[in-house]
1. For the range 11-57, name all the residues that are of a type in the set (Phe, Trp, Tyr) and in contact (Cβ under 8 Å) with a residue 24 or more places away in the chain.
2. Among (1) in contact with a Phe, Trp or Tyr (Cβ under 8 Å, 6 or more places away or on another chain); (2) modelled with pLDDT of 90 or more, where does Phe67 come up short?
3. Name the single residue, out of those in the range 1-47 being part of a loop (DSSP other than H, G, I, E, B), within 15 Å of Gln62 (Cβ to Cβ) and among the hydrophobic types (A, V, I, L, M, F, W, C), that is modelled with the lowest pLDDT.
4. Which residue is surrounded by the most Cβ atoms within 10 Å (Cβ to Cβ), if the candidates are limited to the range 39-56 and must be of a type in the set (Val, Ile, Thr) and farther than 17 Å from Leu29 by Cβ?
5. Give the residues of the range 57-68 that are surrounded by 12 or more Cβ atoms within 10 Å (Cβ to Cβ) and either among the aliphatic types (A, V, I, L, M) or assigned to a helix (DSSP H, G or I) (or both), sorted by residue number.
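The values are calculated or read from the model by the stated rules, or taken from the named source; none is laboratory data. Model, not experiment: these values are computed from the prediction. Cβ placement follows ideal geometry from the backbone for every residue including glycine, while neighbour counts extend to all protein chains displayed.
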Amino acid sequence: MANNKRHPLTRILDVQSRFFIPVWRRVALIGLCWGWAAFEVTLGNNLWAVLFVLIGLYCAHQFFIAFDPPEEDEEG
């Protein structure tokens, strides 16, 4: 019940959700971040490229090292 009472912005930024249980979604999001970083490099926007690489690294860490999705019975 405490998860439903959190601030909406906190829920948006939470990568430890049941939505990311399928591996393809986690890989797709990381690939999207790193692909966007490559796109920004080709345009010469190195700051944005570094930002998206860091977001991708954060997601990779959260999805494959620290991933602990909520259990089925915690949803109610």
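1. Once the filter is applied, which keeps residues that are of a type in the set (Phe, Trp, Tyr) and in contact (Cβ under 8 Å) with a residue 24 or more places away in the chain, the range 11-57 yields only Phe20.
2. The number of the failed condition is (2).
3. Across the range 1-47, the extreme among qualifying residues is Leu13.
4. Step by step, filter the range 39-56, then rank; the result is Val41.
5. Leu57, Tyr58, Cys59, Ala60, His61, Gln62, Phe63, Phe64
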